[in-house]
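Data block below; observations after.
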Amino acid sequence: MVDLNQVDAFVDRYGGEERALTAVLLDIQNAYNYLPPEAMHRVAEKMKLSPLQVYQVASFYKAFSLKPRGKHILTVCLGTACHVRGGPRLVDQVGRLLKVTPGQTTPDKQFTLETVNCLGCCALGPILVVDGKYYGKMTVGGVEKVLNEYREGKEVAANG
Amino acid sequence: MAKLQSATELETWRKDVLATRDPNKQTITICGGTGCRALEGQAVSDAFHAGLAAQGLASQVDVKMTGCHGFCERGPLVVIFPQRIFYPGVTAKAVPDIVSKTIAKGEIIEKLLYEDPATGKKITYEYDVPFYREQRRVLMEDNGLIDPTSIEDYVAVGGYKALAKVLSEMTPDQVIEEVKRSKLRGRGGAGFPTGRKWEDARKAPGDTKYVIINADEGDPGAYQDRSLIEGNPHSVLEGLLIGAYAVGAHRGFIYIRNEYPMAVQYITKAAKDAEAYGLLGENILGSGFSCTFDVHRGAGAFVCGESSALMRSMEGKPGEPRSKRIHATESGLWDKPTVLNNTKTWALVPHIINRGADWFNSIGTEGSKGTMVFSLVGKVNNTGLVEVPMGITIRRLINDIGGGIRDGKKLKAVQTGGPSGGCIPESLADSQVDYESLTKVGSMMGSGAMIVLDEDTCMVDTARYFMGFNSSESCGKCTACREGVVRMYNILERITHGKGEEGDIAQLELLGETTRNGALCALGRTAPNPVLTTLRYFRDEYEAHIKDKKCPAGVCKDLISFSVLADKCTGCGLCKRNCPQEAISGEKKQAHVIDQQKCIRCGICREVCRFDAIKVE
Ligand SMILES: Cc1cc2nc3c(=O)[nH]c(=O)nc-3n(C[C@H](O)[C@H](O)[C@H](O)COP(=O)(O)O)c2cc1C
Ligand code: SF4
Ligand code: SF4
Ligand code: SF4
Ligand code: FES
Ligand code: FES
């Protein structure tokens, strides 16, 4: 359920200026893991923008997801530094263990696998990030152990 | 805290801050950069606090979490002041020992010291480590000394002195003159002279002008802007304020990637603290000059690092570039004169004001002055951030600072300039690293990402990788870029899948030219570079893929096969457990075999095997 009061609060936080549109959408995305259509409509209404502009912005930027994502977001870096140090093999391994391809969510809505073009931690590539926690020098063999931490429902604090 | 009213009050405060500090007090600094945090640096910090408390030393020793020290490969890094004892790769388990021996008794713990791989010697002090010794640190100098969340720490190392000097002793024209004389060029890629940009904006008509920090840092492999903001946010802010004063702007912004939450948090805190002390906002240091500051988070689009796209994005619109004929210094953000500079460019300004243009001029080459921060990453031993004088050779960077190539392999090429740059072959590794020399060999400076490639890297695959990047990041506004890049990508896809045809190379060259000439913004204009440079230097590799259907580096899946070397295989079964296709069979302690029908050539078995028993050909 989308709490429209909370959406209003996100808009108000920035004083309703047009330039704050991406900031508002980022906050909504952080709260819901994606951009629910009701929320986008409310933003357009409240910021006096056309729904088209809100939708265009939401679809232009890679940070936004227009479909619901899982509880945990697994991000594998495919930036150049990680690419040359085995990033693609990590994608394969996560994909194999969760039976998803990049962009997909597991049927139990627990995990979404995403790839990204650099997470700014390139010296320790390849990098895997789960819900904001960075795992450096990740190996194919180490993926399962990381996944298990989250399968067990342990709360892991972000470290980046 | 009352706001500081003058440069003199700032100096008095600085004296007060310094008076409370004893330079000989033991201080443990732990790197809190993203790299070291990824290696559990926070746990190390927690362990120090607990360990000191347990031994009753908490009041005698300071513990500080700093920004990135640069040597991320060996994190988490711990440096103990005043001696600068250097312990790399510290774990929470090692902390009690460090506290009871090094801190309590001044004993050096041999086994925790850094061992120079070249000589096998243990090194005790940070400044003796070759990785640091060969650098010339200006921007990164204070990263290891200060707590980025403490304005007092920044003031203690001379912070805001340059701003005070500019506001109390210099006219805006004098500031611009000094920056021009320093020959500072933009660190965001193109190397445009910073002083001239400021002058253009100053001369542009109108009272409303803006200054912006570009911290979008979209180049994959680069993370120096992040580390600067996470390690020393006030230095960037101070530079911005000096620029605002010089061009006559009263509003400043930072455009920063949302993927950098800690940097967003630190720059926000820095601005809040600066404002509380009267160093930002209304009537800065009683000078009558005012400037506000806002943080704009980007939302993930490489093209938004480009000047005009960045400004559209800040207005709340999709970030599409516009024609380059309109200069931002005349009509930028909300169509007002705007100066956009890279994070590093801004952060260099206080140094130039403090130490003078002549000092800056004394470092670097004729056309490229000062230092540059590179992220030295990929297949090199010492990965991390290195700051060196412009003009150092690629080979020195890789060998003397980077400690050579990993696993005893050979250097094949160096990729600079990100997706707009190119691959420089080993044969040109004695080229200097500066704006002109890199352009001459077909690459560019870019934001300073330097990705080292070894003999196991396929250059056709690398070109394909960058074209994939560029095609997914093209905003699609103009046909030359949208179509040209995709077509080049498709050809490279075919070649790497073993379906290359006679004529493909010529076609790539033609498409490269058309895209270069027809694109609206620099993304499209430079997008063909990775292909054109690899064609220039590694043409034989393209030909091997196209004619012989072979991938000499053993990377392109459709052109290789994996097998087990029976004499090396111990039968440990690790590959069998990890193979996604269940393509490997064999009894325990017996040589294993790969079923070529099932194998998808993912390379996992080769990565996990600890005995080098998987062969690729
Ligand atoms: C596609 C594209 C991406 C860019 N990304 C960045 C970036 O992430 N950071 C940056 O400082 N400059 C980037 N630039 C360069 C900027 O357009 C601009 O030249 C620069 O920020 C100016 O600052 P400087 O003069 O200090 O280098 C990019 C340019 C293009 C064409
Ligand atoms: S060159 Fe490419 S990225 Fe630049 S405006 Fe044209 S389509 Fe967009
Ligand atoms: S991992 Fe290596 S040593 Fe172990 S069974 Fe496989 S090939 Fe043999
Ligand atoms: S390359 Fe991949 S699929 Fe083939 S045997 Fe090795 S692990 Fe299995
Ligand atoms: S390339 Fe992966 S973190 Fe930068
Ligand atoms: S993050 Fe610790 S040295 Fe770079």
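Just so you know, all these numbers are worked out from the coordinates, no wet-lab data involved. Not measured: the values here are computed from a predicted model. Here the Cβ is made from the backbone with ideal geometry for all residues, glycine too, and neighbour counts use every protein chain on show.
In region B:561-616, how does Rg compare with the Kirkwood Rh, expressed as the Rg/Rh ratio over alpha carbon atoms?
Expressed as Rg/Rh, it is 0.89.
By average Cβ neighbour count within 10 Å, what is the ranking of B:181-194, A:56-69 from highest down?
B:181-194, A:56-69
Just to verify a number: FRET efficiency for A:ASP3 and A:LYS99, C-beta to C-beta distance, R0 = 35 Å, to 0.05?
That gives a FRET efficiency of 0.60.
P(r) of region B:274-377 in 5 Å steps, Cα pairs, percent per bin?
Percent of pairs per bin, in order: 2, 9, 13, 15, 16, 17, 17, 8, 1, 0.
Please compute the average number of Cβ atoms from other chains found within 10 Å of each residue's Cβ in peptide B:575-584.
2
Sorted from largest down, give the three principal axis spans of the alpha carbons of the protein assembly as shown, whole angstrom values.
Extents along the principal axes: 79, 68, 61 Å.
Rank these for me by crowding, B:PHE253, A:PHE10, going from fewest to most other beta carbons within 10 Å.
Sorted ascending by nearby Cβ count, the order is A:PHE10, B:PHE253.
Per residue of A:54-67, what is the mean number of Cβ atoms on other protein chains within 10 angstrom of that residue's Cβ?
Per residue, the average neighbour count from other chains is 4.
With 10 Å bins from zero, work out the P(r) of region B:142-299 over every alpha carbon pair and list the percent per bin.
Histogramming region B:142-299 at 10 Å steps yields 11, 39, 39, 11, 0 percent.
Using packing as a proxy for protection, rank B:295-302, B:241-248, B:227-234 so that the peptide with the highest average count of other Cβ atoms within 10 Å comes first.
Ranked by mean Cβ neighbours within 10 Å, highest first: B:227-234, B:241-248, B:295-302.
Taking only Cα atoms, what is the 0 to 90° angle, nearest 10, from helix A:4-13's long axis to the longest principal axis of chain A?
Computed tilt is about 90 degrees.
Just the Cα atoms of region B:460-546: what Rg and Dmax do they give in Å?
11.8, 36
Stick to Cα atoms and the Kirkwood definition of Rh, then tell me Rg/Rh for region B:371-457.
With Rg and the Kirkwood Rh in hand, the quotient comes to 0.91.
With a cut-off of 17 Å, note down the residues of region B:197-220 whose backbone N falls inside the zone around a label point 7 Å from the Cα of B:TRP334 toward its beta carbon.
Under cut-off, by backbone N: B:205-213.
Translational diffusion coefficient of chain B at 10 °C, 1.306 mPa s, Stokes-Einstein with Kirkwood Rh over Cα pairs, in µm²/s as a whole number.
The Stokes-Einstein estimate is 60 µm²/s.
Over the Cα atoms of region A:16-160, how large are the radius of gyration and the largest Cα-Cα distance (Dmax), in Å?
Here Rg and the maximum Cα pair distance are 16.6, 51 Å.
Just how far, in whole angstrom, is region B:155-228 from region B:516-567 if you go by their alpha carbon centroids?
39
Counting pairs of alpha carbon atoms under 8 Å apart in space and at least six apart in sequence, what relative contact order in percent does chain A give?
Dividing the mean separation by the residue count of chain A yields 18 percent.
Using the reciprocal of the averaged 1/r over all distinct C-alpha pairs, how large is the Kirkwood radius of region B:517-617 in Å?
Final number for the Kirkwood radius of region B:517-617 is 15.9 Å.
Quick check on packing: order B:96-105, A:72-81 by the mean number of other C-beta atoms within 10 Å, highest mean leading.
Top to bottom by mean Cβ count within 10 Å: A:72-81, B:96-105.
Can you give the relative contact order of region B:270-321 as a percent, counting alpha carbon pairs under 8 Å and 6+ residues apart?
20
Determine the shielding of peptide B:67-75 by partner chains: average, over its residues, the number of Cβ atoms on other chains within 10 angstrom of each Cβ.
Mean number of neighbouring Cβ atoms from other chains: 2.
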